[in-house]
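**Student:** The structure under discussion is supplied below as structure tokens; questions concerning it will follow.
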Amino acid sequence: MDLSRLFILQFTMFAEMAAGYALCKLNILKPSERGVISRLVVNVFLPCSIVNSFAFELDAKTLHGFFSVLAISCAIQGFCYVLSKVLYNRLSPGHRSVLQYSTLCSNAGFLGNAVAQGVYGDIGMAYGQFYLIPVRIMMWSAGISCFAEKSDPKKAIKLILTHPCIISCAIGVVLMALGIQIPAAIKSVLSGLGNCGTPCIMIFLGMIMAEIGFSGMVTKTTVYFSFIRLLLIPACVLAGCVLTKNEAVVTGLSTLLAAMPAGSTTAVLAQQYHADEKFAANVVVFTTLLSIALLPVWVIFIHSVV
């Protein structure tokens with residue numbers, strides 16, 4: 001593992017986040033414009049990067065890796081569901097719903113894509129899309145039910161099947177399975193747009209920090225949740241992968257994606273369903289800062305184990 005590359009990735013993420021913070025503080029960007037950035041990332045930049053990441057030859061080892069990552073992700077979501085039901089019962093309803101959702105729905109689909117590609121390259125991005133299938137299913141079903149007593153199954157299925165990242169993943173799998181080569185000109189466009197994703201993700205997170213500030217971010221509750229989200233869950237995943245003797249890339253990727261912070265949609269849903277919006281934003285920002293700081297520690301530890 002080239003540690004210099006990892007620390008450059010970490011520095012770049014912090015610098016891009018700081019840029020988003022500064023742009024917002026200088027009124028060059030406004031908090032209301034976050035929606036534009038997030039829509040560009042989810043609907044354009046990530047789909048392009050995902051399709052481009054499948055531009056390699058499919059073999060038996062890669063196919064086995066896809067299914068291994070998918071199975072591990074399903075097990076992780078089941079484990080997180082149990083944790084969400086037993087760990088926060090003593091908290092107020094507003095805090096409980098936020099932490100239940102954040103335990104189920106991490107930022108693996110937003111920040112996780114940047115980490116997967118930065119650490120493992122295109123194969124990391126491709127494997128990551130299979131990891132995210134159960135995450136997105138949980139997000140639009142059990143995740144929504146953390147805030148609303150009932151969620152509409154038909155609406156949840158529609159949201160999952162029409163999600164741009166799910167569609168782009170399906171396109172990428174078809175192209176890879178059929179051995180269809182993407183023309184050089186189109187591949188160049190996909191690569192160019194896909195490379196915009198990570199900077200925009202970090203600027204987006206920096207804008208959230210600029211809007212909510214840092215007061216009240218570090219509390220016993222946020223520290224407790226951060227331990228669960230960033231240390232306990234990935235440690236259990238790593239132990240499970242080592243015991244079941246999964247290949248190194250599958251083990252490392254699954255552990256890193258399990259160590260992602262609270263999903264950025266947490267604050268949005270907290271506002272929509274009248275939970276504690278400021279607490280939700282503090283949880284997202286605090287765990288994001290910690291997760292980026294812990295990234296090299298986890299990578300070094302993973303590579304020492306596997």
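**Student:** Take the conditions among the polar types (S, T, N, Q), touching a residue at least 40 places away in the same chain (Cβ under 8 Å) and over 24 Å from residue 288 (Cβ atoms) and apply them to residue 226. Does it pass?
**Tutor:** Values: among the polar types (S, T, N, Q): yes; touching a residue at least 40 places away in the same chain (Cβ under 8 Å): yes; over 24 Å from residue 288 (Cβ atoms): no.
So residue 226 fails the test.
**Student:** Taking segment 193-235, which residues are touching a helix residue (DSSP H, G or I) at 6+ places or on another chain (Cβ under 7 Å) and closer than 19 Å to residue 306 by Cβ?
**Tutor:** Across segment 193-235, the qualifying residues are 233, 234.
**Student:** Here's a follow-up. For residues that are assigned to a helix (DSSP H, G or I) and over 20 Å from residue 108 (Cβ atoms), scanning just segment 210-240, find the one that is farthest from the chain's Cα centre (by Cα). It would help to see each step written out before you state the result.
**Tutor:** Going through segment 210-240, the residues assigned to a helix (DSSP H, G or I) turn out to be 210-212, 220-240.
With the extra rule that they be over 20 Å from residue 108 (Cβ atoms), the set shrinks to 210-212, 220-221, 223-224.
Working: 210: 21, 211: 21, 212: 21, 220: 24, 221: 22, 223: 20, 224: 20 Å.
Restricting to residues being assigned to a helix (DSSP H, G or I) and over 20 Å from residue 108 (Cβ atoms), the top hit is 220.
**Student:** Right, something else. Within segment 117-141, count every residue that is more than 18 Å from residue 251 (Cβ to Cβ), touching a helix residue (DSSP H, G or I) at 6+ places or on another chain (Cβ under 6 Å) and not polar (S, T, N, Q).
**Tutor:** The qualifying residues number 5.
**Student:** Under 6 Å between Cβ atoms, which residue pairs at least 6 apart in sequence (or on different chains) link something in segment 17-33 that is of a type outside the set (Lys, Arg) with a partner that is open to solvent by 70 Å² or more (accessible area, probe 1.4 Å) and assigned to a helix (DSSP H, G or I)?
**Tutor:** Going by the 6 Å Cβ cut-off, the qualifying pairs are 31/211.
**Student:** Out of the residues in segment 247-306 meeting the condition of being aromatic (Phe, Trp, Tyr) and open to solvent by 60 Å² or more (accessible area, probe 1.4 Å), tell me which one is modelled with the highest pLDDT.
**Tutor:** Residue satisfying both the conditions and the ranking: 301.
**Student:** Being of a type outside the set (Lys, Arg), at pLDDT below 85 and part of a helix (DSSP H, G or I) is the filter here; which residues of segment 50-62 pass it?
**Tutor:** Of everything in segment 50-62, those that are of a type outside the set (Lys, Arg), at pLDDT below 85 and part of a helix (DSSP H, G or I) turn out to be 50, 52, 53, 60, 62.
Residue-by-condition table, conditions (1) of a type in the set (Val, Ile, Thr); (2) over 11 Å from the mean Cα position of the chain (by Cα):
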| residue | (1), (2) |
| --- | --- |
| 84 | no, yes |
| 98 | yes, yes |
| 101 | no, yes |
| 114 | no, no |
| 121 | no, yes |
| 125 | no, yes |
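**Student:** Between a first residue in segment 244-267 that is under 15 Å from residue 120 (Cα atoms) and outside any helix (DSSP H, G or I) and a second residue that is open to solvent by 10 Å² or more (accessible area, probe 1.4 Å) and not hydroxyl-bearing (Ser, Thr, Tyr), which pairs have beta carbons less than 9 Å apart while being 6 or more apart in sequence or on different chains?
**Tutor:** Filtered contacts from segment 244-267: 247/61; 247/64; 247/306.
**Student:** Under the condition of being among the polar types (S, T, N, Q) and buried (at least 18 other Cβ atoms within 10 Å of the Cβ), which residue from segment 61-76 is farthest from the chain's Cα centre (by Cα)?
**Tutor:** Applying the filter and picking the extreme gives 68.
**Student:** Next question. Looking only at segment 17-49, which residues are assigned to a helix (DSSP H, G or I) and over 13 Å from residue 208 (Cα atoms)? Write out each step before concluding.
**Tutor:** Step one: list which residues in segment 17-49 are assigned to a helix (DSSP H, G or I), which gives 17-25, 31-49.
Within segment 17-49, 36, 39, 40, 41, 42, 43, 44, 45, 46, 47, 48, 49 meet the criteria.
**Student:** For segment 160-182, does any single residue satisfy the condition of being free of Cβ contacts under 8 Å to residues at least 12 places away in the same chain and open to solvent by less than 20 Å² (accessible area, probe 1.4 Å)?
**Tutor:** Within segment 160-182 (the criterion being free of Cβ contacts under 8 Å to residues at least 12 places away in the same chain and open to solvent by less than 20 Å² (accessible area, probe 1.4 Å)), the answer is no, since none of the residues qualifies.
**Student:** Quick one: count up the residues across segment 107-156 that are more than 27 Å from residue 48 (Cα to Cα) and open to solvent by less than 40 Å² (accessible area, probe 1.4 Å).
**Tutor:** Summing the residues that are more than 27 Å from residue 48 (Cα to Cα) and open to solvent by less than 40 Å² (accessible area, probe 1.4 Å) in segment 107-156 gives 5.
The values are calculated or read from the model by the stated rules, or taken from the named source; none is laboratory data. The structure presented is a predicted model; accordingly, all values stated were derived computationally and were not measured. FYI the Cβ positions are ideal-geometry reconstructions off the backbone, even for glycines, and counts take in every protein chain you see. Quick note on the areas: whole protein, heavy atoms, side chains included, nothing else; ligands and nucleic acids left out. Shrake-Rupley method; radii C 1.70, N 1.55, O 1.52, S 1.80 Å.
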